[in-house]
Amino acid sequence: MRLAPFASVLFGAVAIYAAVPAHTSPTLKEAFRDDFLIGAAVNRRQFFEDDLRGVPLIKAQFNSITPENILKWEFVHALPGRYNFDAPDRYVAFGETNHMTIIGHTLVWHERTPKWVFQNEDGTRVDRETLLRRMHDHIQTVVGRYQGRIKGWDVVNEALNEDGTLRQSPWMKIIGEDYIAKAFEYAHEADPKADLHYNDYSLEKEPKRNGAIALLQKLKARGVPVTGVGLQGHMKMDWPTPEEEDATIAAFAKLGLKVMITELDIDVVPATQKNRTADIAQNAQPHAESNAYADGLPQAVQQALAKRYADLFAVFLKHREVVNRVTFWGVTDGDSWLNFRARVNHPLLFDRSGQPKPAFDAVIRSAAQGAHATETKP
Ligand code: G3I
């Protein structure tokens, strides 16, 4: 049974979302208990329990965690043959103590991989066999260490260009197209029971989505052990539309894959550069635009963000048979990578002081509405 939302007010047909005190509302993980896991990306200060504001929220609201950074190659394996598991061990212990589904992010990515991985000692480029051996060693060591404890891995991250072709990363250039299949095979060998995901952003855009579908079809046809696709979900206020999100989830579900929303956030700050209109007045003031909400989010925008989250969660709920996790990329607004270049952004459900925003109320309400829609199905 789902819990009713608290303190949401309806004026006519327009929902007003309230800033509900968290302790008087159902939690996110309770509200979506019958639908999907609710996750958060956590940073070092959180799983070391130094972040006194974030930690209680994580424990109360979420039943899955993803490490925002510490399992990336440059952190865990900065030097040849030298692994540092201090932070990853704490991360996994934090998840286990709190009975959470623990995710690993990420094994093979063109970013955050030290240069030495692709080079010989003299600085020349390694050959295919050497790079495959290094990839195997890394995956075997990292995945093997947490076998049976990390439930799912983002095995390959962001392998596609915007036009759906394969990115010419060092992995691709040195090994060739089958580096992706190899990464999944090695991960499966290291933990045969782990869920193994392909993870990428902007898959809602048709050319990239089609490229991902073709790639995943090919992998599945070859028997490569890929079990799911992660739609990162770094969204804007006007993109993707709920219809695009709906079509994207449906397209991947058709492949027989589990779908996860792995890095959800919504950038509310108006475009920093390259305004999408030719409005000279706007273009002349890039600084004002880029930090428009430095003093806080105006009520109207709070409501618009809440409505935006409600619309997206309605789509996720529609596909709850295939969507098995929705993970936010951060806990409070202050944690978000979207505060880059000193922008003050407001992309998540909890504000900088850890208070739930109207968007939290909207998401909780969407769970109740999803339940109602199911109950009234003929
Ligand atoms: O740990 C160092 C610290 O020692 C140093 O003093 C400090 C100075 O800048 O940098 C710290 O590293 C930073 C790291 O985050 C940890 O805080 C890096 O500079 C910074 O670039 C890095 O950014 C992360 C980014 O990925 C690149 O790895 C973001 O936090 C993280 O949110 C972001 O996450 C990615 C996903 O992994 C993949 N999908 C896109 C998503 C958003 O970009």
Residue count, segment 195-214 (criterion: touching a strand residue (DSSP E or B) at 6+ places or on another chain (Cβ under 7 Å) and either over 19 Å from Val323 (Cβ atoms) or part of a helix (DSSP H, G or I) (or both)): 3
Test result for Leu255, within 16 Å of the ligand (Cβ to nearest atom) and part of a loop (DSSP other than H, G, I, E, B): no
Boolean, Lys29 is basic (Lys, Arg) and in contact with a strand residue (DSSP E or B) (Cβ under 6 Å, 6 or more places away or on another chain): yes
Sole exception among (1) more than 16 Å from the ligand (Cβ to nearest atom); (2) under 28 Å from Arg33 (Cβ atoms); (3) in a helix (DSSP H, G or I) for Tyr91, by number: (1)
Residues being among the charged types (D, E, K, R), assigned to a loop (DSSP other than H, G, I, E, B) and farther than 26 Å from Ala41 by Cα - total across segment 147-184: 3
Residue match in segment 235-252 (condition: assigned to a strand (DSSP E or B), within 19 Å of the chain's Cα centre (by Cα) and closer than 18 Å to Pro347 by Cα): yes
Given (1) part of a helix (DSSP H, G or I); (2) crowded, with 16+ Cβ neighbours inside 10 Å, number of the condition Lys218 does not satisfy: (2)
Failed item in (1) assigned to a helix (DSSP H, G or I); (2) in contact with a Gly (Cβ under 8 Å, 6 or more places away or on another chain); (3) within 16 Å of the ligand (Cβ to nearest atom), with Gly334 passing the rest: (2)
Segment 35-63: number of residues that are within 16 Å of the ligand (Cβ to nearest atom), of a type outside the set (A, V, I, L, M, F, W, C) and either part of a strand (DSSP E or B) or in contact with a Gly (Cβ under 6 Å, 6 or more places away or on another chain) (or both): 2
Filtered residue count, segment 342-355, keeping only those that are within 19 Å of Gln46 (Cβ to Cβ) and out of contact with any Ser or Thr (no Cβ under 7 Å at 6 or more places or on another chain): 3
Residue count for segment 221-234, restricted to those that are in a loop (DSSP other than H, G, I, E, B) and under 21 Å from His105 (Cα atoms): 6
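With respect to Lys72, determine if the residue is in contact (Cβ under 8 Å) with a residue 12 or more places away in the chain and within 12 Å of the ligand (Cβ to nearest atom).
Judged against the criteria, Lys72 is a match.
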Test: Ala187 is away from the ligand (no atom under 16 Å from the Cβ) and either in a helix (DSSP H, G or I) or small (Gly, Ala, Ser) (or both): yes
Residue, surrounded by the most Cβ atoms within 10 Å (Cβ to Cβ), within segment 297-339, restricted to residues that are over 15 Å from Thr262 (Cα atoms) and among the basic types (Lys, Arg): Arg308
Candidate set from segment 94-121 (those that are among the β-branched types (Val, Ile, Thr) and within 11 Å of the ligand (Cβ to nearest atom)); member that is surrounded by the most Cβ atoms within 10 Å (Cβ to Cβ): Thr106
Residue in segment 229-241 that is over 18 Å from Thr327 (Cα atoms), of a type outside the set (A, V, I, L, M, F, W, C) and buried (at least 20 other Cβ atoms within 10 Å of the Cβ) present: no
Meets criteria (in contact with a helix residue (DSSP H, G or I) (Cβ under 6 Å, 6 or more places away or on another chain) and not β-branched (Val, Ile, Thr)) for Gly164: yes
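When you look at Leu216, is it modelled with pLDDT of 95 or more, more than 16 Å from the ligand (Cβ to nearest atom), under 21 Å from the mean Cα position of the chain (by Cα) and of a type outside the set (Val, Ile, Thr), yes or no?
yes
The values are calculated or read from the model by the stated rules, or taken from the named source; none is laboratory data. Since the model is a prediction, treat every value here as computed from it, not as a measurement. FYI the Cβ positions are ideal-geometry reconstructions off the backbone, even for glycines, and counts take in every protein chain you see.
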